[in-house]
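Below is one structure, written out as structure tokens; comments come after it.
The values are calculated or read from the model by the stated rules, or taken from the named source; none is laboratory data. Remember, predicted model here, so these are calculated numbers, not experimental data. With ideal geometry, Cβ positions are generated from the backbone for all residues, glycine too; neighbour counts draw on all protein chains shown. Surface areas here come from the heavy atoms of the whole protein model, side chains and all, with no ligands, DNA or RNA. Shrake-Rupley method; radii C 1.70, N 1.55, O 1.52, S 1.80 Å.
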2 protein chains.
Amino acid sequence: MKVIIVGGVAGGASCAARLRRLDENAEILMVERGPYVSYANCGLPYYIGGVIEQQSSLLVATADTFRDMFAVDARTDCEVVGIAAGEKTVRLKDRTTGEVTTEPYDKLVISPGAAPVRPPLPGIDLPGIFGVRTVPDASQIRAWIDERRGRSAGMDSYTGFQTRKRQLRAVVVGGGFIGIETAENLVGLGFEVTLLQRGEQIMEPLDPEMARYLERHLDKNGVHIQLDSEASEFRQAADGSLEVLTASGETYPADIVILGIGVKPETALAEMAGVEVGERGGIVVDDQMRTSDPDIFAVGDAVEKTDCMTGESCLVALAGPANRQGRIAADVIAGRDSHFRGTQGTAILGAFGGAVAWTGLNEKTLKRRGDTDYEKIYLYPNSHAGYYPGATVLAMKVIFRTSDGRLLGAQAVGKEGVDKRIDALAMAIQLGGTVYDLEECELSYAPQFGAAKSPPNFAGMVGANVLRGDMPIGHWDATDGAFLLDVRHPEELAVEQLPGVVNIPVDELRGRLDELPRDRDIFVICRSGQRAYYATRILMQNGFTARTVAGGMLSHEIFAML
Amino acid sequence: MKVIIVGGVAGGASCAARLRRLDENAEILMVERGPYVSYANCGLPYYIGGVIEQQSSLLVATADTFRDMFAVDARTDCEVVGIAAGEKTVRLKDRTTGEVTTEPYDKLVISPGAAPVRPPLPGIDLPGIFGVRTVPDASQIRAWIDERRGRSAGMDSYTGFQTRKRQLRAVVVGGGFIGIETAENLVGLGFEVTLLQRGEQIMEPLDPEMARYLERHLDKNGVHIQLDSEASEFRQAADGSLEVLTASGETYPADIVILGIGVKPETALAEMAGVEVGERGGIVVDDQMRTSDPDIFAVGDAVEKTDCMTGESCLVALAGPANRQGRIAADVIAGRDSHFRGTQGTAILGAFGGAVAWTGLNEKTLKRRGDTDYEKIYLYPNSHAGYYPGATVLAMKVIFRTSDGRLLGAQAVGKEGVDKRIDALAMAIQLGGTVYDLEECELSYAPQFGAAKSPPNFAGMVGANVLRGDMPIGHWDATDGAFLLDVRHPEELAVEQLPGVVNIPVDELRGRLDELPRDRDIFVICRSGQRAYYATRILMQNGFTARTVAGGMLSHEIFAML
């Protein structure tokens, strides 16, 4: 059996290595258009920023590794220029020599990845405008930056010390992973960074109110976020530097422009092979990674995946699913009955010492689908026990089914322990866990690491309280005209108070019930929701209609920014 | 309804607060023998060490909080001196005034906790020998230390700077949580610390080979671990300092002795009430926290819990289960049908910048139960992507059912991300997850936080490979007389090589198969197991009988220390 794998990074490389382990006799040819196989593309922004110093660190395995350890004929700088699916051959072009050869296959695996979107705007091809996809891209960016940093620095005539002549400026177009990670690294290199975002929020997989935290965090750390700003044109200024113009008429000068608008599945190979491409623009595969041609498989960022939560097709450019898909394609080619269960879209972004992560469904998707069988809660637990030094607050949104308590999705942002909580919740979601399961979960606790009620445990208790009717909740977008009761202490209200709220501290509530209306729905507020819950319990048991405003004033802060 | 709750820390306090939320009309009396309710006993070692500076930080809620927010009659310094279960009354003694009163109850909840074991050894009551249980204990230890540090320090006659006259020495008896955490804090205070451990390993819930990592880590950081050392006598030396004598005849001088031998459920109240105490010495309760008297409930460290994994009774002194039990007792008293699912024993210990954590069953328990339906794997993944700076190695042991792949337990030790991996695995265990589920799990990945194949994902792949027969494994304790093949590169063997192994680097294996025996079971070794797996696949497919030695040389290191 001869298998040709096109694309030697995440999905393709995983497929080649796994296939060799399953079949010592298969003839495996892996071709990669670029100069490197199996490189760490998630590390490119950090290589640009010098956090990862050596380019060699990015090269997880080389073509030699594949040849020597896996007996895979791995060819770099080798491009597929034709696929004859009927004859089962591919035409390969050696990009160094220009030589074109034809290779037959029994099974073909295509793993071409996804390319940064480059909208056809005036000036898009000017020098200094970069996408971040490959090691050579990153090297070019580094060289471009080094040259400009050299130019902008001068020598102090008196001390002989190097001084900076001029602040370098970067414009990042698009606030997804690549955009934000590169923005952080450019700040680290001393750039003044502006991030232009077309829509109302950065980081699309987040719900808008959770994105607010990230936007604020980036802004605070020197990334100037411009929402509703769409790049419309790029120009070269007289001094050779760039200008980015936006649809709304703004002009941003830039010494470098990074395109982080998103990625688009590469489908040229699929088109050559005549296999189906889906509505979302990705290659269509079944859950065994088979395309519409049974001898052609496709894996990684180029294919449409199934969202585990909705069953819908989706495009997700993540390394984990790509690797698993490569493994599954290899299994199936080797005659095994493996299936890809889909993706639940778990991901994390680190920036400036903080992190934001998510898993499962967001509320936007539920709304788009017209799905109303869900509830959401907002939590603000400490990253570890408050009595141990250094605890910081996490902001979490957890979404679950109203009908059966099944966990649907979670988003978290904070300085410490975001990854840990999302991973635990991701595992719970995968295994069909409910808020009732979380209520009883037993996660590791010592004061440096968490709390006796861990955030997932706490989320379960709150969620279960809501579903059992112990804690009716309300949300900020439904408080217009409602009776608002703030149960915080007067000194907290002195700092910040909403207009029109009635204040009765929870400690005094039992003695002051006659101040409250019996004919209205009382929305109870505190800082994070905990005391409001206590108050809600007191009110409900005394015959009032009451609900706890989810996330209290801490949520109000972000909702007020929407 | 009148409910009396005896014990105002974790379990009791949770019960009181929850009960009030469920029943606004119940009369709730919570009595605590000590001066504080709801204090953070897990923080005591860090308060001793000054990491937590203020005693007030330990006081999570006060008696006033309970009175004001929960309308609970909370009385501190109030001791139960009698329980008449027939009449449903308790006799309470105010420890300040000495006054004794009798209070009737409808339901009684006892949450007395567990007391540090104080073996009846000669000299055990000498001043300077402390258990660590309550805030007053910790305060006394701090005062004792402050006095000795003051005494040991002098004034340099020339510079006027304070100098240390004499190195202070501490002996910690017992290497459990309290012993190790206090040892760390005493090192932080400048003590020379010796930790005496009776048996062959510290930290009982770990398997011995995993405890080796912890022992080595503590030793490296200045805690001198003496295994197989049982304290047999305490003496006061001529200068007033202490000496600890061991059964094996050693003498350790000490300025302070900490007893961390373990804790024993407090059953005095149970005995007063005439409710059943179990074989393990804890109060017997059903899964609704009801004792043998249907009107008396018990929660927390004093009760025998059910181990979720084995169904056996066990004693586990952990805050998380105590809180959940308090909550369940409240639910049941309020008429709800809540059940405690038992404990899976998830826990974590931090020390000197590292951590060790575990969840579920350990191998010792499986062996004790004669259970052979399990397999174990050892993994040494990076804490985050190796190409991003600062990655450290985690050591993990994962145990699963051979028959169906169900995850049974996990132990991990390392510098970073131990808590995260154990939490994800704890969640998987709770929800009945298998290695096949882990194989497909989707956890958060960015280079600072993990790897595209997260450690739980990697564990699933390895475990599933084992169960599918793709990777037969062997363990170090079964290698005697076996044919050992080391597939590392010669330069690695130059650093460390086992006697009698045959070396063929994996890269050369396909060309040198004729050097290997076809009539023997070949145990394949590399550094961590990965290349050995590749080699095992090559050998198996070429007709050899081969197995991968789990954890490779990295595991050998710890097994060699057993």
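Look at A:ALA329 and say whether it is closer than 30 Å to A:MET30 by Cβ, touching a residue at least 60 places away in the same chain (Cβ under 8 Å) and open to solvent by less than 30 Å² (accessible area, probe 1.4 Å).
For A:ALA329, the condition - closer than 30 Å to A:MET30 by Cβ, touching a residue at least 60 places away in the same chain (Cβ under 8 Å) and open to solvent by less than 30 Å² (accessible area, probe 1.4 Å) - is met.
Of the residues B:TYR445, B:TYR388, B:TYR436, only one is in contact with a Pro (Cβ under 8 Å, 6 or more places away or on another chain), modelled with pLDDT of 95 or more, within 14 Å of chain A (Cβ to nearest Cβ) and open to solvent by 10 Å² or more (accessible area, probe 1.4 Å); which?
Going through B:TYR445, B:TYR388, B:TYR436 in turn, just one is in contact with a Pro (Cβ under 8 Å, 6 or more places away or on another chain), modelled with pLDDT of 95 or more, within 14 Å of chain A (Cβ to nearest Cβ) and open to solvent by 10 Å² or more (accessible area, probe 1.4 Å): B:TYR388.
Where the second residue is open to solvent by less than 10 Å² (accessible area, probe 1.4 Å) and in a strand (DSSP E or B) and the first is free of Cβ contacts under 8 Å to residues at least 60 places away in the same chain and lies in the range B:250-265, which pairs have Cβ atoms under 9 Å and are six or more apart or on separate chains?
Note: pairs meeting the criteria are B:GLU250/B:LEU196; B:GLU250/B:VAL244; B:THR251/B:VAL244.
Restricting the search to the range B:332-343, which residues are within 10 Å of chain A (Cβ to nearest Cβ), in contact with a Leu (Cβ under 9 Å, 6 or more places away or on another chain) and either outside any loop (DSSP other than H, G, I, E, B) or open to solvent by less than 10 Å² (accessible area, probe 1.4 Å) (or both)?
Selection gives B:THR343 alone.
Name every residue in the range A:127-144 that is open to solvent by 40 Å² or more (accessible area, probe 1.4 Å) and closer than 18 Å to A:SER241 by Cα, in order of residue number.
Hits for the range A:127-144 are A:PRO127, A:GLN140, A:ARG142, A:ALA143, A:TRP144.
All but one of (1) open to solvent by 10 Å² or more (accessible area, probe 1.4 Å); (2) at pLDDT 95 or above; (3) at the interface with chain B (Cβ under 9 Å from one of its Cβ atoms) hold for A:ALA10, so report the exception by its number.
The number of the failed condition is (2).
Among the residues of the range B:21-34, are any in a helix (DSSP H, G or I), at pLDDT 95 or above, open to solvent by 10 Å² or more (accessible area, probe 1.4 Å) and of a type in the set (D, E, K, R)?
yes
Hey, could you check the range A:466-500 for residues that are over 12 Å from A:ARG547 (Cα atoms) and within 14 Å of chain B (Cβ to nearest Cβ) and say which is most open to solvent (accessible area, probe 1.4 Å)?
Among those residues, the one meeting the criterion is A:ARG468.
Could you grab me the full set of residues in the range B:515-539 that are in contact (Cβ under 8 Å) with a residue 60 or more places away in the chain, within 14 Å of another protein chain (Cβ to nearest Cβ) and either in contact with a strand residue (DSSP E or B) (Cβ under 8 Å, 6 or more places away or on another chain) or open to solvent by less than 10 Å² (accessible area, probe 1.4 Å) (or both)?
Scanning the range B:515-539 gives B:GLY529, B:TYR533, B:THR536.
Scanning the range B:247-256 for residues that are farther than 14 Å from B:ARG151 by Cβ and either of a type in the set (Gly, Ala, Ser) or buried (at least 19 other Cβ atoms within 10 Å of the Cβ) (or both), which turns out farthest from the chain's Cα centre (by Cα)?
It comes out as B:GLY249.
In the range A:307-324, how many are within 11 Å of another protein chain (Cβ to nearest Cβ) and either assigned to a loop (DSSP other than H, G, I, E, B) or in contact with a Phe, Trp or Tyr (Cβ under 9 Å, 6 or more places away or on another chain) (or both)?
Within the range A:307-324, residues that are within 11 Å of another protein chain (Cβ to nearest Cβ) and either assigned to a loop (DSSP other than H, G, I, E, B) or in contact with a Phe, Trp or Tyr (Cβ under 9 Å, 6 or more places away or on another chain) (or both) number 7.
Are there any pairs with C-beta distances below 8 angstrom linking a residue in the range A:268-288 that is over 12 Å from A:VAL299 (Cα atoms) to a residue that is loosely packed, with under 15 Cβ neighbours inside 10 Å and not hydroxyl-bearing (Ser, Thr, Tyr), with the two at least 6 apart or on different chains, and if so which?
That search, which allows pairs on different chains as well, returns A:MET272/A:GLY82; A:VAL277/A:GLU271.
Tell me which residues, restricted to the range B:53-70, are more than 30 Å from B:ASN185 (Cα to Cα) and either surrounded by 18 or more Cβ atoms within 10 Å (Cβ to Cβ) or out of contact with any helix residue (DSSP H, G or I) (no Cβ under 7 Å at 6 or more places or on another chain) (or both).
Correct list: B:ASP64, B:THR65, B:PHE66, B:ARG67, B:MET69, B:PHE70.
May I ask you to list the residues in the range A:24-43 that are over 22 Å from the mean Cα position of the chain (by Cα), within 11 Å of chain B (Cβ to nearest Cβ) and either more than 17 Å from A:ASP73 (Cβ to Cβ) or of a type in the set (A, V, I, L, M) (or both)?
Matches in the range A:24-43: A:ALA26 only.
Scan the range B:184-206 and tell me whether some residue there is at pLDDT 95 or above and among the aromatic types (Phe, Trp, Tyr).
yes
Tell me, which residue of the range B:211-231 that is among the polar types (S, T, N, Q) and not in a strand (DSSP E or B) is least open to solvent (accessible area, probe 1.4 Å)?
That would be B:SER229.
Does B:TYR46 count as on the phi < 0 side of the Ramachandran plot, touching a Leu at 6+ places or on another chain (Cβ under 7 Å) and either within 14 Å of another protein chain (Cβ to nearest Cβ) or part of a helix (DSSP H, G or I) (or both)?
Criteria not met by B:TYR46.
Suppose we keep only residues that are within 14 Å of chain A (Cβ to nearest Cβ) and polar (S, T, N, Q) within the range B:348-384. Which one would you say is most open to solvent (accessible area, probe 1.4 Å)?
B:ASN382
Considering only the range B:90-110, I want to know if a residue exists there that is out of contact with any Asp or Glu (no Cβ under 7 Å at 6 or more places or on another chain), without any contact (Cβ under 8 Å) to a residue 12 or more places away in the chain, part of a loop (DSSP other than H, G, I, E, B) and within 12 Å of another protein chain (Cβ to nearest Cβ).
Within the range B:90-110, none of the residues are out of contact with any Asp or Glu (no Cβ under 7 Å at 6 or more places or on another chain), without any contact (Cβ under 8 Å) to a residue 12 or more places away in the chain, part of a loop (DSSP other than H, G, I, E, B) and within 12 Å of another protein chain (Cβ to nearest Cβ).
Collect the residues in the range B:267-306 that are in a loop (DSSP other than H, G, I, E, B), out of contact with any Gly (no Cβ under 6 Å at 6 or more places or on another chain) and open to solvent by less than 40 Å² (accessible area, probe 1.4 Å), keeping them in residue-number order.
If the condition is that a residue be in a loop (DSSP other than H, G, I, E, B), out of contact with any Gly (no Cβ under 6 Å at 6 or more places or on another chain) and open to solvent by less than 40 Å² (accessible area, probe 1.4 Å), then B:THR267, B:VAL275, B:GLY278, B:GLY281, B:GLY282, B:VAL285, B:GLN288, B:MET289, B:THR291, B:ASP293, B:ASP295 are the ones that fit.
What pairs come out if I take residues in the range B:232-245 that are surrounded by 11 or more Cβ atoms within 10 Å (Cβ to Cβ) and pair them with residues that are acidic (Asp, Glu) whose C-beta lies under 6 Å away, six or more apart or interchain?
B:ARG235/B:GLU243; B:ALA237/B:GLU243; B:SER241/B:ASP255; B:LEU245/B:GLU233
In the range A:510-543, how many are touching a Lys or Arg at 6+ places or on another chain (Cβ under 9 Å) and in a loop (DSSP other than H, G, I, E, B)?
4
If we keep just the residues of the range A:391-417 that are touching an Asp or Glu at 6+ places or on another chain (Cβ under 7 Å) and within 30 Å of A:ALA446 (Cβ to Cβ), which is most open to solvent (accessible area, probe 1.4 Å)?
Out of the qualifying residues, it is A:THR392.
Inspect all residues belonging to the range B:4-14 and state whether any of them is in a strand (DSSP E or B) and not β-branched (Val, Ile, Thr).
The answer is no, given that none of the residues of the range B:4-14 is in a strand (DSSP E or B) and not β-branched (Val, Ile, Thr).
Yes or no, residue by residue, for (1) facing chain B (nearest Cβ under 8 Å); (2) assigned to a helix (DSSP H, G or I):
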| residue | (1), (2) |
| --- | --- |
| A:ILE399 | no, no |
| A:ALA410 | no, no |
| A:ASP423 | yes, yes |
| A:LYS453 | yes, no |
